[in-house]
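The values are calculated or read from the model by the stated rules, or taken from the named source; none is laboratory data. As the structure is a computational prediction, the values presented were derived from the model and not from experiment. Glycine also receives a Cβ, built like all others from the backbone with ideal geometry; neighbour counts cover every protein chain displayed.
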């Protein structure tokens, strides 16, 4: 009974721990998403690397020795006439005729055979291309990690913004309740009217509606973040980071572009992919060259184990391609076209990188100005509301002035949230444009 109670207590404790909110920072979210068991894209990139390594092993096998072992046992009968064997004796022997059907007789053969490519330029080129394919797959993993890190960072920022929107909506509700209470006090003191109370209650109702929308948006943003990091969607989140202003070191377009060309894994992967197709095209062209291989076998054969004798075969083989119906030329044309296509993609990606850097820098500069203006606007709106409520208490202003100031304060709060969000998003965009998202997230 005691053991059962302990077990039930442990299960209850485990369930409570499972339901506990997950405390999550942006850095931790990115680490979870980019782990081997995290985002689906990371898992698929890992499988692509394994496939590239397997293809490289297959290409290497063409240059390594190949050995086979075989044992055969046969019980044979033969019709010699079917083979065109007809024996005529010069002298007829009474009662004897040369047989046309022989057997049954048995043979055994135990043998080891092997072959080795000695000289094959095409296979060597294919091996080089396959090894570069492994390097491409590794760079693709880095590129996928950068992309996943960028998506998760944006999803985290969206979730943080949603949390901030909820906090702002709650603050607006609290402010509206205070204004409503102030209007009621003014009416009880004989200096207010019923329309002022109604106006305050309308504003309170609007703010409560906005709070419901903000909470729904927060749930949606949290679900998107959980999906991005590959965790269960019923997990509760407690985000530790908030929307704050973090200065970014100034850099010119040329500096950012040069760093992007050095750091971005997708550009490295594309360059390696271009080299891979060049080697593949070279391997196809080299199929025209002669190839040299060695072969041999050793074993024992006979009609039985007692009379088997060793036999062997060895030699070299030179293969000279002459004509294959044009298939080789067609493959060469195809691989050369693939190589030119990859060169075009490399140049296009280089131009896209420059565009990404320019757009990210422009967005960052604009976001910096937005933050400054939003901060000033929030300070002014707070001062205006304070003065309007003071004037209303003193009886020198009506509640409409307070409501207008309250509306402008709510808009200023929203502007500050949007400005901070845009600035942090611009930082992520610039880091991704330069291929340094994971380095930038601390």
For the subset of segment 318-340 comprising residues that are touching a residue at least 12 places away in the same chain (Cβ under 8 Å) and over 42 Å from the mean Cα position of the chain (by Cα), which member is farthest from residue 283 (Cα to Cα)? 318
Pair list, Cβ < 8 Å and 6+ apart or interchain, from segment 394-418 residues that are under 21 Å from residue 195 (Cβ atoms) to residues that are surrounded by fewer than 17 Cβ atoms within 10 Å (Cβ to Cβ): 395/191; 397/391; 401/391; 405/387
Residue list for segment 421-437, filter: buried (at least 20 other Cβ atoms within 10 Å of the Cβ) and under 21 Å from residue 258 (Cα atoms): 426, 427, 428, 429, 430, 431, 432, 433, 434, 435, 437
Could you pull out the residue among 249, 234 that is more than 29 Å from residue 369 (Cβ to Cβ), part of a loop (DSSP other than H, G, I, E, B) and out of contact with any helix residue (DSSP H, G or I) (no Cβ under 7 Å at 6 or more places or on another chain)? 234
So residue 237, is it free of Cβ contacts under 8 Å to residues at least 24 places away in the same chain and in contact with a strand residue (DSSP E or B) (Cβ under 9 Å, 6 or more places away or on another chain): no
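Listed here are the residues, each with its yes/no results for (1) in a helix (DSSP H, G or I); (2) modelled with pLDDT of 90 or more.
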site	(1), (2)
6	yes, no
11	yes, no
15	yes, no
28	yes, yes
38	no, no
43	yes, no
56	yes, yes
67	no, yes
82	yes, no
Among the numbered criteria (1) part of a helix (DSSP H, G or I); (2) surrounded by fewer than 17 Cβ atoms within 10 Å (Cβ to Cβ); (3) more than 26 Å from the chain's Cα centre (by Cα); (4) touching a residue at least 60 places away in the same chain (Cβ under 8 Å), which single criterion is violated by residue 343? (3)
So residue 49, is it part of a loop (DSSP other than H, G, I, E, B), surrounded by 12 or more Cβ atoms within 10 Å (Cβ to Cβ) and touching a helix residue (DSSP H, G or I) at 6+ places or on another chain (Cβ under 7 Å): no
Could you grab me the full set of residues in segment 58-87 that are under 34 Å from the mean Cα position of the chain (by Cα) and without any contact (Cβ under 8 Å) to a residue 60 or more places away in the chain? 61
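For every residue, the table says whether it meets (1) buried (at least 18 other Cβ atoms within 10 Å of the Cβ); (2) modelled with pLDDT of 90 or more; (3) more than 27 Å from the chain's Cα centre (by Cα).
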| residue | (1), (2), (3) |
| --- | --- |
| 102 | no, no, yes |
| 110 | no, yes, yes |
| 116 | no, yes, yes |
| 121 | no, no, yes |
| 143 | yes, no, no |
| 146 | yes, no, no |
| 151 | yes, yes, no |
| 159 | yes, yes, no |
| 162 | yes, yes, no |
